[in-house]
Amino acid sequence: MSHHTAPLVVVIGVSDSRKTTVGRLLARHLGVPCAGGDDFHPAPNVAKMRAGHPLDDEDRRPWLDEIARWPAGHADGGGVVTCSALKRRYRARLASAAPRVFLLHRDGSPELSAARITARRGRFMPPELLRTQFADFEPLGDDEAGSAIPIDGTPQVTAALARAAVTST
């Protein structure tokens, strides 16, 4: 990545891997805007998840399309957006939207994510759906521009790891 151009980063991972927290800290450090993927869900998706039903590919299609518009609209100035992007084809859709998209995978154990999601209040994602996210997740391929960073540790520590991963490319 050129040091003259701010990066476009998509922070990916399962629910409660602190994508948004780390994404905001990273964006602040890079001096770029940040958007949370949950904000792009259409109302029927939110209702489906609240009812305890996992989203299927057809449910995710308009959501991914909306998220893909975000980095495309920030290609010149850079930015950070969060999205579970569990499957390789979802990430390919996001990466094709704009040049220089860097995928930052928040990697961690199902136990830690489950503990976090159970402790959280006011979210539409019920803890029961977490196992479906882990089952659907396809690890980053060697041909995908990105890096994995652990979810354990403080947000500041993992944001520092995120900065190092993004700026070393």
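The values are calculated or read from the model by the stated rules, or taken from the named source; none is laboratory data. Predicted model, so just to flag it, every value in this text is computed and none were measured. FYI the Cβ positions are ideal-geometry reconstructions off the backbone, even for glycines, and counts take in every protein chain you see. Remember, those area values only see protein heavy atoms, side chains included, never the ligands or the DNA or RNA. Shrake-Rupley method; radii C 1.70, N 1.55, O 1.52, S 1.80 Å.
For segment 126-144, the criterion of being open to solvent by 40 Å² or more (accessible area, probe 1.4 Å), over 28 Å from Lys48 (Cβ atoms) and modelled with pLDDT of 80 or more is satisfied by at least one residue.
Look at Arg24 and say whether it is basic (Lys, Arg), touching a Cys at 6+ places or on another chain (Cβ under 7 Å) and open to solvent by 20 Å² or more (accessible area, probe 1.4 Å). Break it down into steps so the answer makes sense when it comes.
Values: basic (Lys, Arg): yes; touching a Cys at 6+ places or on another chain (Cβ under 7 Å): yes; open to solvent by 20 Å² or more (accessible area, probe 1.4 Å): yes.
Yes.
One residue stands out among those in segment 1-15 that are crowded, with 24+ Cβ neighbours inside 10 Å and part of a loop (DSSP other than H, G, I, E, B): the one that is modelled with the lowest pLDDT, which is Val14.
Looking only at segment 68-79, decide whether some residue is touching a strand residue (DSSP E or B) at 6+ places or on another chain (Cβ under 8 Å), in a helix (DSSP H, G or I) and not small (Gly, Ala, Ser). The answer is yes; a qualifying residue exists.
Just to be sure before I move on: is Pro155 of a type outside the set (D, E, K, R), open to solvent by less than 60 Å² (accessible area, probe 1.4 Å) and at pLDDT 80 or above in the structure I sent? Show your work before the answer.
Working: of a type outside the set (D, E, K, R): yes; open to solvent by less than 60 Å² (accessible area, probe 1.4 Å): yes; at pLDDT 80 or above: yes.
Considered against the rule, which asks whether it is of a type outside the set (D, E, K, R), open to solvent by less than 60 Å² (accessible area, probe 1.4 Å) and at pLDDT 80 or above, Pro155 comes out as yes.
If you go through segment 29-87 and keep only what is in contact with a helix residue (DSSP H, G or I) (Cβ under 7 Å, 6 or more places away or on another chain), farther than 24 Å from Leu140 by Cα and open to solvent by less than 50 Å² (accessible area, probe 1.4 Å), you end up with Pro42, Asn45, Met49, Gly52.
For segment 35-44, how many residues meet the condition of being over 11 Å from the mean Cα position of the chain (by Cα) and either without any contact (Cβ under 8 Å) to a residue 12 or more places away in the chain or closer than 19 Å to Trp70 by Cα (or both)?
Restricting attention to segment 35-44, the residues satisfying the condition of being over 11 Å from the mean Cα position of the chain (by Cα) are 39-44.
Narrowing the set further to residues that are either without any contact (Cβ under 8 Å) to a residue 12 or more places away in the chain or closer than 19 Å to Trp70 by Cα (or both) leaves 39-43.
Summing the residues that are over 11 Å from the mean Cα position of the chain (by Cα) and either without any contact (Cβ under 8 Å) to a residue 12 or more places away in the chain or closer than 19 Å to Trp70 by Cα (or both) in segment 35-44 gives 5.
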